[in-house]
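The values are calculated or read from the model by the stated rules, or taken from the named source; none is laboratory data. As the structure is a prediction and not an experimental result, all values here were calculated from the model. As a convention, Cβ positions derive from the backbone with ideal geometry for all residues, glycine included, and neighbour counts pool all protein chains shown. In case anyone asks, the SASA skips ligands and DNA or RNA and just uses the protein heavy atoms, side chains included. Shrake-Rupley method; radii C 1.70, N 1.55, O 1.52, S 1.80 Å.
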Amino acid sequence: MTSAPTRVLLVDDDASFLEIIGDTLRAGGHEVDATSDPREALRRAERGGYDVALLDLVMPAMGGLELGDRVKAASPDTEVLILTGHADLDSAIEGIKHRVFDFLEKTGLDTARLDRVIKDATERSRLTRANRELQQRVAEMNRRLQALVDVSARLAAEPHQDRVLDTLVAAARELMRSEASRVLLFARTHGEGWVIEAGAGDGVESVKGARLRAGEGLALVAAVSGQPVAVVDAKQDPRYSHRSDEMRTSRPGYLAAPLRLGAVMGALVVAGHEGGGEFPPEEQQLLFALARQGAAAIENAASTERSINFFTHTCDILVSCLETMDVFYPGHSRGVAALADMVTRRLGLSDAERRSVHYASLLHDIGKVMLDPAVLRAEGPLAPGARKIIEEHSALGVQLLKPITIWEDILPIIGAHHERWDGGGYPSGQSGEDIPVGARVVAVADAFDAMTRVTPHGKHRSADEALVELENCGGTQFDARIVRLFVAEYRQRRHQIPTS
């Protein structure tokens, strides 16, 4: 492979010498940019691209060593050669200080030596430039890999599919520095066809719901084959389909990486490469890795959604069963859950923690289904023996739900929702911060709902009276901080809370 000619910046205030040396260098196959003005030379150097700067040592406007320093500052890859009337040891020492590659005597200049020195300087210049560019590429790839690690962590923690898709699209555009990005999820239709059932990103609304034949569309090819598809001009590829691949960009370059894991079948697509051509192999691998993480996050989100649906339906069934037995408390479980949601909104809990408190609220009394129905249906104040039986429901609820491992997070809340802040509760006598925060929330919500409904088991109170009672018991029966939050939220949102 023939290397590019050396680009030389030649500066000398002697016009005749400038012309002679310039012609000599051009005859040797070099590209020469000559000037007698050091300031003009510096302006040209700032635009970059020179391999060698051949500078006269003594010039009236600016000396060669000073100009060489400024050229190196503007273009660090350019090697500086100094033309001098005489080269001696002092000049060599001074040249080292100024990072001069070599000195050349103007008197009786040996053209063979000039050519050899320029060749050596060019090699070092290009090697320096190549090393710098390699370091920049490595640094940029490390930055992208770290960004990939960061986005992978965000994806793994995201339980909602729509937010997973949005995160993928944004990460792909940033990592690949592309003009456009989108993610498409495919589902089989009857026969051999496919339909775009979901997606996010640029132009996705115009393709969502599109039906495709097998092998139609670059994105579908990537999804089905499990391999990236990279082309310069997508529309010129015979597999292109406007129903799935059209993306408005001003630059060429199209890359689709497969999203495949379990039931997930899709593609992560970027278009409009920053360099104006095909996405290079290292970027293809980067998008491929991001797509793998995305597929896992989508599958995890779907699994979480299935679990939430299981929670919801199972809770509905269990709560309905409980209400057929606990006849004086219809709607109590759902009312407590609504009140608990009101409080956890202000506690700064994560989505997962809020869900746990919500489901624990719904099922906090589920242990009552294991009690004698006659006790639950007894009218009037409870006798000591009956009250003792009722108090077993917290532990019985834990016992009932313990075999269902996906509910392990809500068991401590159910088991402790009748513990007291001062340690006088049941079943374990926990106190203060040892009581799970979710249980402290449910305790307040449970007490408020019980006080404000008409039952044969205690005095009915208005909402305002119940709030005062909670405040009176803050710091003894209840966590005072939870009580304050509850009272403030209820007074602000009382008309938004569903009534049972």
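A few notes on this one:
- Selection from the stretch 120-151 of residues that are of a type in the set (S, T, N, Q), within 20 Å of the chain's Cα centre (by Cα) and at pLDDT 80 or above: GLN146
- Among (1) of a type in the set (Gly, Ala, Ser); (2) touching a Ser or Thr at 6+ places or on another chain (Cβ under 8 Å); (3) modelled with pLDDT under 80 - the single one GLY108 does not satisfy: (2)
Quick grid of which residues meet (1) at pLDDT below 85; (2) part of a loop (DSSP other than H, G, I, E, B); (3) under 18 Å from ALA172 (Cβ atoms):
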position: PHE279; (1), (2), (3): no, yes, yes
position: GLU282; (1), (2), (3): no, no, yes
position: LEU287; (1), (2), (3): no, no, yes
position: ARG292; (1), (2), (3): no, no, yes
position: ALA295; (1), (2), (3): no, no, yes
position: ILE298; (1), (2), (3): no, no, yes
position: SER307; (1), (2), (3): yes, no, no
position: CYS315; (1), (2), (3): yes, no, no
position: PHE328; (1), (2), (3): yes, yes, no
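- Qualifying residue in the stretch 419-429 (condition: open to solvent by less than 20 Å² (accessible area, probe 1.4 Å) and under 17 Å from SER333 (Cα atoms)): no
- Condition check for SER250: at pLDDT 90 or above, open to solvent by less than 30 Å² (accessible area, probe 1.4 Å) and over 12 Å from PHE186 (Cβ atoms): no
- Just so you know, in the stretch 460-500 the residues that are open to solvent by 40 Å² or more (accessible area, probe 1.4 Å) and among the hydroxyl-bearing types (Ser, Thr, Tyr) include one that is modelled with the highest pLDDT, and it is THR476.
- Within the stretch 152-162, the set of residues being assigned to a helix (DSSP H, G or I) and either under 10 Å from the mean Cα position of the chain (by Cα) or hydrophobic (A, V, I, L, M, F, W, C) (or both) comprises SER152, ALA153, ARG154, LEU155, ALA156, ALA157.
- Looking at LYS119, LYS106, just one residue is basic (Lys, Arg), over 30 Å from ARG177 (Cα atoms) and open to solvent by less than 80 Å² (accessible area, probe 1.4 Å), and that residue is LYS106.
- Qualifying residues in the stretch 141-160 (those that are in contact with a Leu (Cβ under 9 Å, 6 or more places away or on another chain) and under 30 Å from ARG354 (Cβ atoms)) - the one surrounded by the fewest Cβ atoms within 10 Å (Cβ to Cβ): ALA147
- Per-region count, the stretch 260-277, residues under 15 Å from LEU185 (Cα atoms) and either surrounded by fewer than 23 Cβ atoms within 10 Å (Cβ to Cβ) or at pLDDT below 90 (or both): 6
- Qualifying residue in the stretch 287-303 (condition: open to solvent by 40 Å² or more (accessible area, probe 1.4 Å) and closer than 30 Å to GLN399 by Cβ): yes
- Subset tally (residues that are surrounded by 22 or more Cβ atoms within 10 Å (Cβ to Cβ) and in contact with a Phe, Trp or Tyr (Cβ under 6 Å, 6 or more places away or on another chain)) for the stretch 444-459: 1
- Close pairs (6 angstrom Cβ cut-off, 6 or more residues apart or separate chains): acidic (Asp, Glu) in the stretch 481-494, assigned to a helix (DSSP H, G or I) and open to solvent by less than 30 Å² (accessible area, probe 1.4 Å) anywhere: GLU489/MET342
- Scanning the stretch 440-463 for residues that are part of a helix (DSSP H, G or I) and without any contact (Cβ under 8 Å) to a residue 60 or more places away in the chain turns up ARG440, ALA443, ALA447, MET451, ALA463.
- ASP409 fulfils the conditions (1) part of a loop (DSSP other than H, G, I, E, B); (2) within 19 Å of LEU347 (Cα to Cα); (3) without any contact (Cβ under 8 Å) to a residue 24 or more places away in the chain except for a single criterion, (3).
- Restricting GLU489, GLU433 to those that are touching a Lys or Arg at 6+ places or on another chain (Cβ under 7 Å), outside any loop (DSSP other than H, G, I, E, B) and more than 21 Å from GLU392 (Cα to Cα) reduces the list to GLU489.
- Residues that are over 21 Å from MET265 (Cα atoms), surrounded by fewer than 21 Cβ atoms within 10 Å (Cβ to Cβ) and touching a residue at least 40 places away in the same chain (Cβ under 8 Å) within the stretch 161-179 comprise ARG177, GLU179, listed in sequence order.
- Among the residues of the stretch 122-140, those that are open to solvent by 50 Å² or more (accessible area, probe 1.4 Å) and farther than 22 Å from GLU282 by Cα comprise GLU123, ARG124, ARG126, LEU127, THR128.
- Number of the exception - SER241 against (1) of a type in the set (Gly, Ala, Ser); (2) under 21 Å from ALA291 (Cα atoms); (3) open to solvent by less than 20 Å² (accessible area, probe 1.4 Å): (2)
- Residue within the stretch 217-225 that is more than 10 Å from ALA271 (Cα to Cα) and surrounded by fewer than 20 Cβ atoms within 10 Å (Cβ to Cβ) present: yes
- Test result for VAL319, open to solvent by 40 Å² or more (accessible area, probe 1.4 Å), in contact (Cβ under 8 Å) with a residue 12 or more places away in the chain and of a type outside the set (Lys, Arg): no
- Every condition in (1) at pLDDT 95 or above; (2) part of a helix (DSSP H, G or I) holds for ASP166 except the one numbered (1).
- Residue within the stretch 224-233 that is under 22 Å from ALA289 (Cα atoms), of a type in the set (Val, Ile, Thr), in a loop (DSSP other than H, G, I, E, B) and out of contact with any Ser or Thr (no Cβ under 6 Å at 6 or more places or on another chain) present: yes
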